[in-house]
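Trainee: Sharing a structure, written as structure tokens. Questions coming.
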Amino acid sequence: MYPEQAPHVPVQRAVEIHQPTPYPPAVPAAAPVVPVQPNAVPAVASIVLPDGRVVTGYAINPAQPEPVAAKPAVSRTAVNVALGGAGFLAVCGGLILLTSFIAALTAFITQLIILAAVIFGGWIAVQILSTRGHRGGGTTVNIRKAVIKRNHFHG
């Protein structure tokens, strides 16, 4: 698949080195020279390589960062905490309403049961009291005779 390994000779190419001519710094003649720490990178920089060659070039201005987007007045964490608190309060309020609804429903059902018991008890009372008033239509039980018959006392 691969050709036989043959020694490769590196290709030598002609290399041109361009050395820009630096502009002399503009120094006013009347101003005295005072040693001052430079504020910025010089316009032309020269670097000496380990093999002795000197590379001279123009300094590149650093890239300007993108303008930072304006931060909101309130942090996102604060907004998230506030929304979480509002949600928690909504859930608690819903549970309180649900509990109140269940309590009201229980009280309503209890009142319905009590009402049914009162109506049914009234109906039973009416049935019992109405049998004593009507002699001809109901069954009359003589308790003395029933007790005597039960105990087998014949008189």
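The values are calculated or read from the model by the stated rules, or taken from the named source; none is laboratory data. Remember, predicted model here, so these are calculated numbers, not experimental data. FYI the Cβ positions are ideal-geometry reconstructions off the backbone, even for glycines, and counts take in every protein chain you see. The protein model used for the area step is the full one, side chains on, heavy atoms only, and it has no ligands, DNA or RNA in it. Shrake-Rupley method; radii C 1.70, N 1.55, O 1.52, S 1.80 Å.
Trainee: Which of (1) more than 30 Å from Val15 (Cβ to Cβ); (2) surrounded by 10 or more Cβ atoms within 10 Å (Cβ to Cβ) is the odd one out, the single condition Thr56 does not satisfy?
Mentor: For Thr56, the exception is condition (1).
Trainee: Tell me whether the stretch 134-154 contains one or more residues that are open to solvent by 80 Å² or more (accessible area, probe 1.4 Å), out of contact with any Gly (no Cβ under 7 Å at 6 or more places or on another chain) and at pLDDT 80 or above.
Mentor: no
Trainee: Also, I was wondering about something else. Picking from Ala107, Ala63, Ala69, which residue would you name as being more than 27 Å from the chain's Cα centre (by Cα) and either under 30 Å from Pro20 (Cα atoms) or exposed (fewer than 10 other Cβ atoms within 10 Å of the Cβ) (or both)?
Mentor: Numbers: Ala107 fails: either under 30 Å from Pro20 (Cα atoms) or exposed (fewer than 10 other Cβ atoms within 10 Å of the Cβ) (or both); Ala69 fails: more than 27 Å from the chain's Cα centre (by Cα).
The conditions single out Ala63.
Trainee: For Leu83, are the conditions met, namely being open to solvent by less than 100 Å² (accessible area, probe 1.4 Å), in a helix (DSSP H, G or I) and not β-branched (Val, Ile, Thr)?
Mentor: It is false that Leu83 is open to solvent by less than 100 Å² (accessible area, probe 1.4 Å), in a helix (DSSP H, G or I) and not β-branched (Val, Ile, Thr).
Trainee: Would you call Ala14 in contact with a Pro (Cβ under 9 Å, 6 or more places away or on another chain) and at pLDDT below 75?
Mentor: Numbers: in contact with a Pro (Cβ under 9 Å, 6 or more places away or on another chain): no; at pLDDT below 75: yes.
Here the answer is no, as Ala14 does not meet what is asked.
Trainee: Follow-up. Being surrounded by 10 or more Cβ atoms within 10 Å (Cβ to Cβ), at pLDDT below 65 and out of contact with any Gly (no Cβ under 6 Å at 6 or more places or on another chain), is that true of even one residue in the stretch 30-42? Show your work before the answer.
Mentor: Narrowing the stretch 30-42 to residues surrounded by 10 or more Cβ atoms within 10 Å (Cβ to Cβ): 41-42.
Among the residues that remain, those that are also at pLDDT below 65 are: 41-42.
When the remaining residues are screened for being out of contact with any Gly (no Cβ under 6 Å at 6 or more places or on another chain), the result is 41-42.
Yes, the conditions are met somewhere in the stretch 30-42.
Trainee: Something else: Of the numbered conditions (1) open to solvent by 80 Å² or more (accessible area, probe 1.4 Å); (2) within 24 Å of the chain's Cα centre (by Cα), Ile119 satisfies every one except a single condition; which is it?
Mentor: Condition not satisfied by Ile119: (2).
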